[in-house]
Amino acid sequence: MEFSPFRGIRYNQRVVGDLAPVICRPYDVITPEQQRLYYKKSDYNAIRLEFPEPTTDRYERAGLTFQQWLKQGVLEYDSACAFYLHEHQFKYSGKKMVRRGVVARVRLEPWGSGIFPHEETSSKAKSDRLQLMRACRANFSPLFCLYQDSEQKIAPTLYRVAQEKPVISLRAERGNFPDSDEAHSLWAVTDPEIKGELSELLSSQPIYIADGHHRYETALTYRQERTEEQSPTGKGAFNYVMMELVEFSDPGLVVLPLQRLVRGILPSRLMSLRDRLKDFFTVESVAIRTGSWHLPVDSCLGILGLQPGSLVVLKKRQDVSLEAMMPGNRSQVYREFGVSILNHIVLDSILSGVKDTEIAYTVDLEEAHQQIREGQYQLAFLLHPPQPGMVKAVADAQDRMPRKSTYFSSKLPAGLVINPL
């Protein structure tokens, strides 16, 4: 993989002032309510570029807004090509977390050529991102990617950079936003020696997509379109995509499971579900008290809604092989993954007929419990957090986890640095 510094586009603080009200979360984790709130936060909030309001001309309006902000000086190009060091502070389970990543422009390559996916994707999200990319010709948020610095050669360089004064330092204001009370610092790395060192070290590492599969596949399609428009020199900015690269062992790397909320289950199937589950699992019930529906370590799945007031816990039976019910063309690590067991054995086999449109996702256990209590969904399936090593293992096996298997927290913001295409 080729890693390059680039002349990023950033907000002009002389025009917009405090940067906290102008950044937003990436498009795929913004609810309609949050979208409206971001619009109210600032006339210059990046939501107008990253995830414009759903009108028939939404993409064209985003492109026009982007060009107007450049002409008006709301946004401006940095004076020199740079790598960007991003330090992201947030809270997880009441604990302060700090994560560091390098923002770079990375040359697009086919899957398996130094770049590896770990999750399936959907066509709807890719269509949305492609239309936005065509209209704006820019990346407004970086892909979240992982690398392994086993010899710890990159970390000391990043530490040296972080001793200097950042070009951006902000704390997101408190409010009705998931990214409230987060802090961001950004350093522009323009020293030729450090840029050369980072480029060489990063280029020697395989890269794993953590968050941004849709955007990477969209970038490949966009590159093909732009290449067909002009003579292919290979030097155009559309041959690259913006990434933020985080080391696998970074202490601020938090991976959460996406719990499944399911409805549309036939009453007869729901009534017989517990008995059917016993054919494959040891089934136990745990009374729910405050915070007590966290999964036991030795379980593979949990279910809310199957027994009132209890969490039903599923554990693998020693006398039953679940692998026989898994697709034969899948890797061993895929077959052992909790989401795979849920999808193939519980949803596809035992509860056959549940439509994708009847399944919702949440990382919040409290929300899952509330949705069941209020009768919005019949069942909530709870999963263990996937370990970062599992992401690498399934990608190294040239396989992919099911869609929405991982949720990397906290999300990278849109609008901190923009990559022109």
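Just a few scattered comments:
- Each residue in the range 120-139 was checked for being out of contact with any Ser or Thr (no Cβ under 8 Å at 6 or more places or on another chain), in contact (Cβ under 8 Å) with a residue 60 or more places away in the chain and of a type outside the set (A, V, I, L, M), and 9 of them qualify.
- Of the residues making up the range 311-355, those that are without any contact (Cβ under 8 Å) to a residue 24 or more places away in the chain and within 15 Å of P257 (Cβ to Cβ) number 1.
- Pair list, Cβ under 9 Å, 6 or more apart: the range 363-375 residue over 19 Å from D28 (Cα atoms), other residue open to solvent by 70 Å² or more (accessible area, probe 1.4 Å) and of a type in the set (S, T, N, Q): Q370/Q376
- Some residue of the range 112-127 being closer than 22 Å to T406 by Cα, aliphatic (A, V, I, L, M) and touching an Asp or Glu at 6+ places or on another chain (Cβ under 6 Å): yes
- Condition met for I265 (in contact with an Asp or Glu (Cβ under 9 Å, 6 or more places away or on another chain), crowded, with 21+ Cβ neighbours inside 10 Å and of a type in the set (A, V, I, L, M)): no
- Residue check, R160 touching a residue at least 40 places away in the same chain (Cβ under 8 Å), in contact with a helix residue (DSSP H, G or I) (Cβ under 9 Å, 6 or more places away or on another chain) and part of a helix (DSSP H, G or I): no
- Scanning the range 369-403 for residues that are open to solvent by less than 40 Å² (accessible area, probe 1.4 Å) and either hydroxyl-bearing (S, T, Y) or in contact with an Asp or Glu (Cβ under 7 Å, 6 or more places away or on another chain) (or both) gives Y377, M401, P402.
- For the range 213-249, filtered to residues that are open to solvent by 50 Å² or more (accessible area, probe 1.4 Å) and of a type in the set (V, I, T), the residue that is modelled with the highest pLDDT is T221.
- Matching residues in the range 1-20 - criterion: being over 30 Å from N239 (Cβ atoms) and either acidic (D, E) or open to solvent by less than 20 Å² (accessible area, probe 1.4 Å) (or both): D18, A20
- Subset of the range 268-288 that is more than 13 Å from L306 (Cβ to Cβ) and open to solvent by 40 Å² or more (accessible area, probe 1.4 Å) - its residue that is modelled with the highest pLDDT: T282
- Considering each residue of the range 194-216 in turn, at least one proves to be part of a helix (DSSP H, G or I), over 30 Å from A360 (Cβ atoms) and acidic (D, E).
- Qualifying residue in the range 34-51 (condition: out of contact with any Lys or Arg (no Cβ under 6 Å at 6 or more places or on another chain), open to solvent by less than 20 Å² (accessible area, probe 1.4 Å), acidic (D, E) and modelled with pLDDT of 95 or more): yes
- Matching helices (runs of 4 or more DSSP H) fully within the range 1-69 where at least 1 residues are in contact (Cβ under 8 Å) with a residue 24 or more places away in the chain, more than 27 Å from V102 (Cα to Cα) and of a type in the set (A, V, I, L, M): 32-41
- Taking every residue in the range 388-404 that is over 22 Å from D28 (Cβ atoms) and pairing it with any residue that is of a type outside the set (F, W, Y) and open to solvent by less than 50 Å² (accessible area, probe 1.4 Å), at least 6 positions away or on another chain, the pairs with Cβ-Cβ distances below 6 Å are A393/V333; A397/S331; A397/V333; D399/S331.
- The lone criterion from (1) open to solvent by 50 Å² or more (accessible area, probe 1.4 Å); (2) of a type in the set (D, E); (3) closer than 25 Å to Q387 by Cα left unmet by E164 is number (3).
- Of all the listed residues (L143, L202), the sole one being more than 30 Å from P21 (Cβ to Cβ) and within 23 Å of the chain's Cα centre (by Cα) is L202.
- Complete set of residues in the range 173-185 that are at pLDDT 80 or above and either surrounded by fewer than 19 Cβ atoms within 10 Å (Cβ to Cβ) or of a type in the set (A, V, I, L, M, F, W, C) (or both): D181, A183
- Residues in the range 371-412 that are hydrophobic (A, V, I, L, M, F, W, C) and farther than 20 Å from G101 by Cβ: I372, L379, A380, F381, L382, L383, M390, A393, V394, A397, M401.
- Filter result (in contact (Cβ under 8 Å) with a residue 40 or more places away in the chain, open to solvent by 50 Å² or more (accessible area, probe 1.4 Å) and not in a strand (DSSP E or B)) within the range 86-112: E109, P110
The values are calculated or read from the model by the stated rules, or taken from the named source; none is laboratory data. For clarity, every value in this text was computed on a predicted model and none was experimentally measured. With ideal geometry, Cβ positions are generated from the backbone for all residues, glycine too; neighbour counts draw on all protein chains shown. Only protein heavy atoms, including side chains, enter the accessible area calculation; ligands, DNA and RNA are left aside. Shrake-Rupley method; radii C 1.70, N 1.55, O 1.52, S 1.80 Å.
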